[in-house]
1. Tally time: how many residues in region 268-286 are farther than 19 Å from residue 244 by Cα and either of a type in the set (S, T, N, Q) or open to solvent by 20 Å² or more (accessible area, probe 1.4 Å) (or both)?
2. Filter region 26-73 down to the residues that are within 14 Å of residue 7 (Cα to Cα), polar (S, T, N, Q) and surrounded by fewer than 17 Cβ atoms within 10 Å (Cβ to Cβ) and list them by number.
3. Give the number of residues within region 164-203 that are open to solvent by 60 Å² or more (accessible area, probe 1.4 Å) and within 16 Å of ligand 2 (Cβ to nearest atom).
4. Take region 265-283 and flag every residue that is in a loop (DSSP other than H, G, I, E, B) and more than 14 Å from ligand 1 (Cβ to nearest atom).
5. So, in region 287-304, exactly how many residues are assigned to a loop (DSSP other than H, G, I, E, B), out of contact with any Asp or Glu (no Cβ under 7 Å at 6 or more places or on another chain) and either open to solvent by less than 10 Å² (accessible area, probe 1.4 Å) or on the phi < 0 side of the Ramachandran plot (or both)?
6. On the given criteria, is residue 323 hydrophobic (A, V, I, L, M, F, W, C), away from ligand 2 (no atom under 12 Å from the Cβ), open to solvent by less than 60 Å² (accessible area, probe 1.4 Å) and assigned to a strand (DSSP E or B)?
7. Cβ-Cβ under 7 Å, sequence separation 6+ or interchain: first residue in region 127-138 and at negative phi and in the same structural domain as residue 155 (by TED's automatic domain parsing), partner within 8 Å of ligand 1 (Cβ to nearest atom) and β-branched (Val, Ile, Thr). Which pairs?
Amino acid sequence: MIIVMKNQATEKQIENVINWIESIGYKAHPSRGVQRTIIGAVGDQRDKTALKYAESLPGVEKTMPILKPYKLASRESHEGNTIVSVGPIPIGGPEFIVMAGPCSIESEEQLLESAYIVKKGGAQILRGGAYKPRTSPYSFQGMEEEGLKLLEQVRLRTSMPVVTEVVNPADVDLVESYADMLQIGARNVQNFALLKKVGQSRKPVLLKRGMMTTIEELLMSAEYVLSSGNPNVILCERGIRTFETTTRNTLDLSAVPVLKGLTHLPVVVDPSHAAGHWKLVIPLSRAAVAVGADGLIVEVHPRPEMAVSDGMQSLKPEKFYQLMDELRAIASAMRH
Ligand code: PEP
Ligand code: MN
């Protein structure tokens with residue numbers, strides 16, 4: 001942390017700040033300029049909140065962090081890009097990865113049909129929720145363990161790795177025994193008990209940005225998982241809440257290059273929950289590839305009109321095939 005003194009700060013105030021820094025366990029390195037003095041406070045800066053208090057001391061103008069608070073997620077601590085393997089599928093490398101499938105697992109037929117559709121279109125990973133975090137307690141809550149069992153059968157029959165959501169720390173052991181990747185949904189991005197629990201898992205984690213979390217808060221949530229021992233985290237931009245009401249959320253596409261600059265972790269986009277309407281899914285997906293995302297997670301249903309959740313934003317099979325053709329064309333144009 002750097003502590004910048006006011007230009008009229010007295011020698012006594014400077015000495016007082018130096019003594020305070022040392023009294024809380026840091027080493028002070030003052031640098032006296034003609035105009036003003038700055039003081040470096042060196043030590044374990046993972047929890048810098050204590051040093052921030054310097055702003056309340058007489059003669060101090062401001063404090064400036066040197067290191068990012070998300071130490072493990074930051075590019076400062078890791079050279080190159082992290083590639084996360086979901087089953088045999090690498091995410092974060094040269095290939096653009098598509099995860100697709102229904103919002104909810106509804107039945108064996110629905111899941112198997114969905115898996116064949118998305119596989120035929122070229123998706124590498126199947127998505128499907130068995131535990132659904134719903135805004136209303138009266139909405140379908142998911143098939144729970146029965147859904148996980150269907151997921152396992154479909155995973156075996158199609159050889160597709162699967163990603164599925166976990167909403168409760170008590171269910172992590174169960175869900176990870178069926179899933180190739182654990183999804184933490186937008187509503188749980190700051191459920192720290194859940195983040196710590198998936199941090200102890202050996203399965204990768206798909207961490208979705210909350211509708212009201214900043215990019216820094218998302219990275220701090222990733223830090224919970226990383227610092228609990230799990231290095232395999234994929235970040236997902238899925239739209240944030242703004243004043244705009246014509247779309248379900250506002251897809252923050254700028255989050256993709258911003259995150260890419262700040263972190264070594266892979267970044268994917270969920271156009272389905274961002275838009276809330278299937279008509280917007282193809283245009284937003286085009287933009288996601290072009291802006292540099294490592295992949296997509298998209299909702300597809302064989303009969304969206306019959307879906308028990310998120311039917312409005314789910315692509316029909318033909319639309320999904322069209323999306324995949326367009327993505328291949330854009331990805332190849334970008335390589336040239
Ligand atoms: C989902 O993936 O079905 C879901 C509930 O997503 P989110 O947490 O982004 O709303
Ligand atoms: Mn959904």
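1. Our first condition is that a residue be farther than 19 Å from residue 244 by Cα; within region 268-286, this holds for 268-269, 282, 285-286.
If we keep only those that are either of a type in the set (S, T, N, Q) or open to solvent by 20 Å² or more (accessible area, probe 1.4 Å) (or both) too, we end up with 285-286.
Of the residues in that region, 2 qualify.
2. Within region 26-73, 31, 35 meet the criteria.
3. Of the residues in region 164-203, 1 are open to solvent by 60 Å² or more (accessible area, probe 1.4 Å) and within 16 Å of ligand 2 (Cβ to nearest atom).
4. Here is the first cut: in region 265-283, the ones in a loop (DSSP other than H, G, I, E, B) are 265-266, 270, 276-277.
265, 266, 277, listed by residue number.
5. Looking only at region 287-304, we keep the residues that are assigned to a loop (DSSP other than H, G, I, E, B), and these are 292-294, 301-303.
Of the ones still in play, those that are also out of contact with any Asp or Glu (no Cβ under 7 Å at 6 or more places or on another chain) are 292-294, 301, 303.
Pick out the ones that are also either open to solvent by less than 10 Å² (accessible area, probe 1.4 Å) or on the phi < 0 side of the Ramachandran plot (or both) and you get 293-294, 301, 303.
Adding up the residues that qualify gives 4.
6. Values: hydrophobic (A, V, I, L, M, F, W, C): yes; away from ligand 2 (no atom under 12 Å from the Cβ): yes; open to solvent by less than 60 Å² (accessible area, probe 1.4 Å): yes; assigned to a strand (DSSP E or B): no.
No.
7. Between residues of region 127-138 that are at negative phi and in the same structural domain as residue 155 (by TED's automatic domain parsing) and residues that are within 8 Å of ligand 1 (Cβ to nearest atom) and β-branched (Val, Ile, Thr), the close pairs are 127/297.
Rundown of residues vs (1) open to solvent by less than 10 Å² (accessible area, probe 1.4 Å); (2) of a type in the set (A, V, I, L, M, F, W, C); (3) closer than 24 Å to residue 203 by Cβ, yes/no style:
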residue	(1), (2), (3)
224	no, no, yes
228	no, no, yes
233	yes, yes, yes
261	no, no, no
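The values are calculated or read from the model by the stated rules, or taken from the named source; none is laboratory data. The shown structure was predicted, so the numbers you read here are calculated from the model rather than taken from an experiment. Counting neighbours? That spans all protein chains shown, and the Cβs are built from the backbone with ideal geometry, glycine included. To get the accessible areas, we keep the full protein, side chains included, count just its heavy atoms, and leave off ligands, DNA and RNA. Shrake-Rupley method; radii C 1.70, N 1.55, O 1.52, S 1.80 Å.
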